[in-house]
Amino acid sequence: MNYSDFILMFPEFSNIDKYPEATVTAWLNNSAGFVNSERFGGNYNLGIGLLTAHYLFLGTKNGQVPKILDAKTVDGVVGHYNTTSVTFEGAAFYNSSAYGIQFWNLLQLFGAGPMQIQF
C-alpha cells in the first residue's frame, strides 16, 4: 500500500500539515511488517491501512495514552461509559482506537490470533 491508496481509503488523514506524507509512509512500511499477506489475502491492504491509521490516531494524542471515561459525577449526576460491547478482551493497546479495534477483529477473523511481538 502506498500513501495515495491509504489517503483514498482513510481521507481523514489527508491533512498533510497534521499527517505529513513521510510520517504516513513510515507507518505504512512499519505496518506492512506486521500484517501477514497470506492470512489477510485480499484484505491485506485493509489490514495495513487500519494498523497505520491506529498508529497515526494515537500519534495525534502527543504520546498520551487515550483514556476512556468510566464514571464522572457532576452536581450529583453520574455519567458512565460502558465500552465492553465494542472492545476486545486481550486486545489491550488496540482497544484505544476504532482503527485498532477493527484491526484486532480482522486478526481474529483471519486466524492470526493475538499479535505476538518478539524482542
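The values are calculated or read from the model by the stated rules, or taken from the named source; none is laboratory data. Being a predicted model, the structure only gives us computed values, none of them experimental. Every residue, glycine among them, receives a Cβ derived from its backbone with ideal geometry; neighbour counts consider all protein chains shown.
Would you check if there is a residue in region 42-51 being farther than 26 Å from LEU109 by Cα, out of contact with any strand residue (DSSP E or B) (no Cβ under 7 Å at 6 or more places or on another chain) and at pLDDT 95 or above? Break it down into steps so the answer makes sense when it comes.
Our first condition is that a residue be farther than 26 Å from LEU109 by Cα; within region 42-51, this holds for none.
Looking through region 42-51, none of the residues is farther than 26 Å from LEU109 by Cα, out of contact with any strand residue (DSSP E or B) (no Cβ under 7 Å at 6 or more places or on another chain) and at pLDDT 95 or above.
Quick check on this structure: which one of TYR55, TYR81 is within 17 Å of ASN95 (Cβ to Cβ), at pLDDT below 95 and surrounded by 13 or more Cβ atoms within 10 Å (Cβ to Cβ)?
Matching residue, one of TYR55, TYR81: TYR55.
Considering only region 9-46, state which residues are closer than 17 Å to GLN102 by Cα, among the hydrophobic types (A, V, I, L, M, F, W, C) and not in a helix (DSSP H, G or I).
PHE10, PHE34, VAL35
What single numbered condition from (1) surrounded by fewer than 15 Cβ atoms within 10 Å (Cβ to Cβ); (2) within 19 Å of LEU107 (Cβ to Cβ) fails to hold for ALA26?
Exception for ALA26: condition (2).
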